[in-house]
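Reading through the structure tokens given below for one structure.
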Amino acid sequence: MSETNEIEIPDQLLNHLGVNDTGFLRRVYSGGLDKYKKHLTRIGFVEKQRILDAGCGFGQWTLAMAQTSKQAIGIDINSERVSVALQLASINGFKNVEFRQATLEKVPYPEETFDAIFCYSVVYLTDYHKVFKEFFRILKKGGDLYICTNGPGWYLYNIIANPNPSIDFCPRWYGLQTFWNTLIRKRNGLSPRTGARVMTPSTTRRTLHKSGFEVAALGAEGTLAIGDDQTLSPSPNYGGTYMGLVNVFEVIARKP
Ligand SMILES: C[S@@+](CC[C@H](N)C(=O)[O-])C[C@H]1O[C@@H](n2cnc3c(N)ncnc32)[C@H](O)[C@@H]1O
């Protein structure tokens, strides 16, 4: 098992990526994997037999899981990101990790495959009613689900502060589009699969319950601590609210 903290990213891996993706890849790997391992430890998502990183992007969480669990599997709809994650794993000597292109609405694994599912900053892009049912199907009984997702404060922050803009991504436009997607869906019951939608703690909790989960904890991103190591202090990347609106939040749920 690789124990490296810093991940080597060869320049040729960046050649095919757009400006926004290149910036995102550099940001997520800056400072290495230790911060991700700390987060996984705080929420008790370590020492698992088989853990899924659902919507793994460039794979930084998956690699941290590979260092803290027996086997880690990352899936993502974006083949370019999956290919980069695969190459990073191989170049950096990871053996107990797999990456695969797949959608969260139809995960290509049988019932009760995973003892934990981790899903950071993805479900607001999906048809999450379907996705939670799919997570329930592939989790073992007693298995844990972690979700981190975005409340309305995050999109308001994007509109007002315009963080990390690039030539191919405008946070301000993204925030406006997301509010629009959410209103359209509310009005005519559509379930658009393109673009983000605002989620709230109450709808997330309700949808998880409907899918069969028990919600164990819900709070602002980086604040939940249910792992064995209770000495780890919270390390949020975002404020709990922005201008009074719920910002990025996390949930831990269990399949009974
Ligand atoms: C904001 S990124 C987060 C990636 C990663 N979890 C992280 O924390 O860096 C969202 C990811 O979700 C993926 N995604 C969006 N919709 C998806 C779907 N329906 N099924 C699987 N992956 C999806 C995107 O391709 C993208 O890599």
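The values are calculated or read from the model by the stated rules, or taken from the named source; none is laboratory data. Please read these numbers as outputs of a predicted model, since none were measured by experiment. Positions of Cβ are generated from backbone atoms using ideal geometry, with glycine treated the same way; all protein chains shown enter the neighbour counts.
Structural remarks
- Of all the criteria given as (1) in contact with a Phe, Trp or Tyr (Cβ under 7 Å, 6 or more places away or on another chain); (2) at positive phi, the one not satisfied by Ala85 is (2).
- Considering each residue of region 59-81 in turn, at least one proves to be among the charged types (D, E, K, R) and assigned to a loop (DSSP other than H, G, I, E, B).
- In this structure, Thr178 does not satisfy being in contact with a His (Cβ under 9 Å, 6 or more places away or on another chain), buried (at least 16 other Cβ atoms within 10 Å of the Cβ) and either of a type in the set (Ser, Thr, Tyr) or touching a residue at least 12 places away in the same chain (Cβ under 8 Å) (or both).
- Selection status of Leu40, in a helix (DSSP H, G or I), at pLDDT 90 or above and crowded, with 19+ Cβ neighbours inside 10 Å: yes
- Among (1) surrounded by 17 or more Cβ atoms within 10 Å (Cβ to Cβ); (2) without any contact (Cβ under 8 Å) to a residue 24 or more places away in the chain; (3) in contact with a Pro (Cβ under 8 Å, 6 or more places away or on another chain), the one test that Leu218 misses: (2)
- Residue in region 109-120 that is without any contact (Cβ under 8 Å) to a residue 24 or more places away in the chain, among the polar types (S, T, N, Q) and more than 12 Å from the ligand (Cβ to nearest atom) present: no
- Matching residues in region 75-101 - criterion: being surrounded by 15 or more Cβ atoms within 10 Å (Cβ to Cβ), within 14 Å of the ligand (Cβ to nearest atom) and in contact (Cβ under 8 Å) with a residue 60 or more places away in the chain: Arg81, Val84, Leu88
- Of all the residues in region 50-73, those that are at negative phi and within 8 Å of the ligand (Cβ to nearest atom) number 6.
- Of the residues making up region 124-134, not a single one is of a type outside the set (A, V, I, L, M, F, W, C), more than 9 Å from the ligand (Cβ to nearest atom), buried (at least 16 other Cβ atoms within 10 Å of the Cβ) and not in a helix (DSSP H, G or I).
- Screening Phe24 on (1) crowded, with 19+ Cβ neighbours inside 10 Å; (2) part of a helix (DSSP H, G or I); (3) near the ligand (Cβ under 9 Å from one of its atoms) shows it passes everything except condition (1).
- Among residues of region 15-37 being at pLDDT below 95 and β-branched (Val, Ile, Thr), the one that is nearest to Phe114 (Cα to Cα) is Thr22.
- Lone unmet requirement of (1) more than 16 Å from Val248 (Cα to Cα); (2) part of a helix (DSSP H, G or I) for Asp115: (2)
Yes/no per residue for (1) of a type in the set (A, V, I, L, M); (2) at pLDDT 95 or above; (3) under 23 Å from Thr126 (Cα atoms); (4) under 19 Å from the mean Cα position of the chain (by Cα):
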{"position": "Ser166", "(1), (2), (3), (4)": "no, no, no, no"}
{"position": "Gln177", "(1), (2), (3), (4)": "no, no, yes, no"}
{"position": "Thr200", "(1), (2), (3), (4)": "no, yes, yes, yes"}
{"position": "Gln230", "(1), (2), (3), (4)": "no, no, no, no"}
{"position": "Asn237", "(1), (2), (3), (4)": "no, no, yes, yes"}
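- Qualifying residue in region 135-148 (condition: assigned to a helix (DSSP H, G or I) and farther than 23 Å from Ile51 by Cβ): no
- Between Ile138, Ile147, the distinction of being of a type in the set (A, V, I, L, M, F, W, C) and either within 21 Å of Lys35 (Cα to Cα) or within 13 Å of the ligand (Cβ to nearest atom) (or both) belongs to Ile147 only.
- Against the list (1) within 17 Å of the chain's Cα centre (by Cα); (2) away from the ligand (no atom under 16 Å from the Cβ), the condition Glu47 fails is (1).
- Total residues in region 161-172, condition free of Cβ contacts under 8 Å to residues at least 24 places away in the same chain and more than 16 Å from the ligand (Cβ to nearest atom): 3
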